[in-house]
Amino acid sequence: MENPFVPTAGSTPPELIGRKGVLDEFSYGMRIGSGAPGLLTIFTGARGIGKTVMLSEAEDLAREAGWAVVSETATPGFMGRMGESMRRLGNELGNTTPGRKITSLSAAGFSITTALPPEEQVGWRETGKQLLQLLAEQGTGLIITVDEIHATDRTEISQLAASVQHFIREGLPIGLVFAGLPSAVSDLLNEGVATFLRRADRIDLHAAAVRDVEKSYAKLFAEGGFDLDPRIVRMAAQATGGYPFLIQLVGYFLWREAELDPEITEEAASAAIAHAQKRNTRVVVQAALSNASGRDMDFLKAMAQDEASSKTLDLASRMEATSSTVGNQRARLIDAGIIESAGHGVVRFAIPGLREYLLSLPE
Ligand SMILES: Nc1ncnc2c1ncn2[C@@H]1O[C@H](COP(=O)(O)OP(=O)(O)O)[C@@H](O)[C@H]1O
Ligand SMILES: [Mg+2]
């Protein structure tokens with residue numbers, strides 16, 4: 001058996017740990033159809049927590065239920081790309097549905113580099129409506145997923161929200177599943193443009209229980225024919241903190257050690273864990289910090305001096321900055337998904353390994 005772990009963004013893991021029941025409401029929504037609460041779902045959470053994987057799960061469930069799927073990432077022009085996908089689906093369907101013969105659904109093209117100009121929005125809606133009517137005739141519908149909604153300006157998201165709201169009002173079978181960093185999503189929901197989205201089921205994804213990681217490791221390694229010492233399994237599971245990307249990384253490097261020598265020693269396990277942490281730092285921590293300014297870094301380094309969470313008042317005095325300066329920076333870093341609020345006036349790191357990384361930097 002080859003190494004089953006997939007330490008790659010968006011890859012479906014060998015076992016989806018700690019997500020039982022998360023999509024029940026969504027599945028139920030597809031049974032009820034148009035307007036069901038579960039058909040409007042937003043996943044939020046830090047980088048590497050498993051948002052993209054949950055979108056893929058939702059897409060799989062939709063396809064199993066016979067629904068059509070349009071899947072996009074919120075980079076500029078996604079509305080246009082979505083329009084093209086809907087048109088293609090509509091044409092395929094129109095040519096296979098008995099009694100329906102559609103040769104060309106809404107002929108005009110969509111701009112695919114920017115938000116849609118008003119006249120194209122009309123065409124987009126018409127295309128969507130025709131597709132949804134075809135699907136409704138078959139007793140199914142359309143699920144739209146949009147990943148990384150923090151990465152776009154709000155214009156296209158609000159265009160999408162307005163159109164989906166419109167379809168729901170007409171009783172058409174549509175579902176919308178979003179994923180993005182927590183604070184960007186909060187901002188979006190608080191903005192007037194997409195108030196309709198406040199009705200969405202917001203699911204905050206968190207780390208899994210370490211105990212469940214342990215069970216999963218024990219099972220997967222046993223399936224691979226490796227008989228690991230339970231102490232090693234526990235040690236590896238604990239090192240992940242239940243954080244999905246680390247679960248895959250630690251599992252992956254531990255498996256490689258096991259391939260070299262199935263009798264994994266504590267030393268070999270430590271080496272695997274160190275490898276995993278290093279990779280996590282490079283992929284997640286450094287990516288998260290890539291746009292951080294010098295002042296941001298000072299703020300984060302001031303935070304790293306605390307054990308678990310930090311009081312913003314303490315940070316202000318440590319940095320010799322005014323509370324309003326510190327407040328602004330706090331907001332910026334929360335937006336970026338680097339830190340998160342841990343109660344009133346308290347913040348903590350949102351990414352595992354960030355503190356260790358900051359402490360390892362030269363002064
Ligand atoms: N529930 C889970 N259990 C185990 N591994 C997971 C789980 N969810 C995600 N992963 C793994 O974590 C990594 C990051 O997942 P991804 O969906 O790309 O995160 P995000 O989109 O939040 O940044 C991937 O390697 C994926 O296989
Ligand atoms: Mg993702």
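The values are calculated or read from the model by the stated rules, or taken from the named source; none is laboratory data. Just so it is clear, the model here is predicted, and its values are computed rather than measured. Backbone-built Cβ (ideal geometry, glycine too); neighbour counts: all protein chains shown. Side chains included, ligands, DNA and RNA excluded: accessible areas come from the protein's heavy atoms. Shrake-Rupley method; radii C 1.70, N 1.55, O 1.52, S 1.80 Å.
One residue stands out in region 151-189 among those that are touching a Lys or Arg at 6+ places or on another chain (Cβ under 6 Å) and modelled with pLDDT of 90 or more: the one that is farthest from R87 (Cα to Cα), namely A179.
So, in region 11-26, exactly how many residues are in a loop (DSSP other than H, G, I, E, B), more than 21 Å from K278 (Cβ to Cβ) and touching a residue at least 12 places away in the same chain (Cβ under 8 Å)?
Number of matching residues: 9.
If the condition is being open to solvent by 60 Å² or more (accessible area, probe 1.4 Å) and touching a helix residue (DSSP H, G or I) at 6+ places or on another chain (Cβ under 6 Å), then region 155-208 contributes V193, R198. Restricting E57, E84 to those that are open to solvent by 40 Å² or more (accessible area, probe 1.4 Å) and either within 15 Å of ligand 2 (Cβ to nearest atom) or within 27 Å of F253 (Cβ to Cβ) (or both) reduces the list to E57. The condition (being surrounded by 16 or more Cβ atoms within 10 Å (Cβ to Cβ), assigned by TED's automatic domain parsing to the domain that holds L220 and aromatic (F, W, Y)) is satisfied by just one residue among F253, F299: F253. As a summary of the residue check, S71 satisfies the conditions (1) touching a residue at least 12 places away in the same chain (Cβ under 8 Å); (2) away from ligand 2 (no atom under 16 Å from the Cβ); (3) open to solvent by 20 Å² or more (accessible area, probe 1.4 Å) except for the one numbered (2). Applying the set (1) part of a loop (DSSP other than H, G, I, E, B); (2) closer than 29 Å to I334 by Cβ to F43 leaves exactly one unmet item: (1). In region 140-150 there is at least one residue matching the filter, namely being modelled with pLDDT of 90 or more, more than 30 Å from S186 (Cα to Cα) and not in a helix (DSSP H, G or I).
Is one or more of the residues making up region 81-103 of a type in the set (G, A, S), under 28 Å from A288 (Cα atoms), not in a helix (DSSP H, G or I) and not assigned by TED's automatic domain parsing to the domain that holds I338? No: zero hits.
Scanning region 9-55 for residues that are over 20 Å from D212 (Cβ atoms), among the small types (G, A, S) and more than 6 Å from ligand 1 (Cβ to nearest atom) gives S27, G29, G33, S34, G35, A36, G38. Does region 61-77 contain at least one residue that is within 12 Å of ligand 1 (Cβ to nearest atom) and touching a strand residue (DSSP E or B) at 6+ places or on another chain (Cβ under 8 Å)? Among the residues of region 61-77, at least one is within 12 Å of ligand 1 (Cβ to nearest atom) and touching a strand residue (DSSP E or B) at 6+ places or on another chain (Cβ under 8 Å), which makes the answer yes.
Residue pairs whose Cβ atoms lie under 6 Å apart, sitting 6 or more positions apart in sequence or on different chains, and linking a residue in region 290-309 that is within 18 Å of A331 (Cβ to Cβ) to a partner that is not in a helix (DSSP H, G or I), are M303/S310; S309/A342; S309/V346; S309/R348.
Checked against (1) in a helix (DSSP H, G or I); (2) loosely packed, with under 15 Cβ neighbours inside 10 Å, Y217 meets all criteria but (2).
Contact map, region 39-63: residues that are more than 27 Å from P352 (Cβ to Cβ) paired with residues that are within 9 Å of ligand 1 (Cβ to nearest atom) and not in a helix (DSSP H, G or I), Cβ distance under 9 Å, separation 6+ or inter-chain. Pairs shown: D60/T12.
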